[in-house]
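Asks: Take a look at the following structure, please.
No lab work stands behind these numbers, since they all come straight from the coordinates. Fair warning: this is a prediction, and the values are worked out from it, not measured in the lab. No Cβ is skipped: glycine too gets one built from the backbone with ideal geometry, and neighbour counts run over all protein chains shown.
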Amino acid sequence: MINYWAVLTDETGCEFGAGVRAKSRDEAWDKISEDYPESRVVQLESPADTAKREQRIYNQVTWELDNGY
């Protein structure tokens with residue numbers, strides 16, 4: 001099982017986060033959609049997805065600091 005983290009937007013437009021354990025991204029998406037039917041999923045990440053996103057940000061910042069903006 002993988003611990004996914006979702007960012008959702010509720011019916012008032014406010015963002016909130018929720019975690020879910022699932023075997024796959026599709027299963028996590030289904031569970032979140034069932035648990036929060038009034039909300040829209042904005043982002044759904046596994047720990048591996050989060051690490052990749054953070055590495056891309058780090059690489060970009062490092063490049064900008066080394067090469068100027």
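Asks: Applying the selection to the range 43-69, what residues are farther than 22 Å from residue 7 by Cβ and surrounded by fewer than 10 Cβ atoms within 10 Å (Cβ to Cβ)?
Replies: Hits for the range 43-69 are 65, 66, 67, 68, 69.
Asks: Of all residues in the range 1-20, which are polar (S, T, N, Q) and out of contact with any Gly (no Cβ under 9 Å at 6 or more places or on another chain)?
Replies: Within the range 1-20, 9, 12 meet the criteria.
Asks: Now, a different point. Counting only residues that are touching a residue at least 12 places away in the same chain (Cβ under 8 Å) and either of a type in the set (A, V, I, L, M) or surrounded by fewer than 10 Cβ atoms within 10 Å (Cβ to Cβ) (or both), how many does the range 1-42 have?
Replies: Total meeting the criteria: 15.
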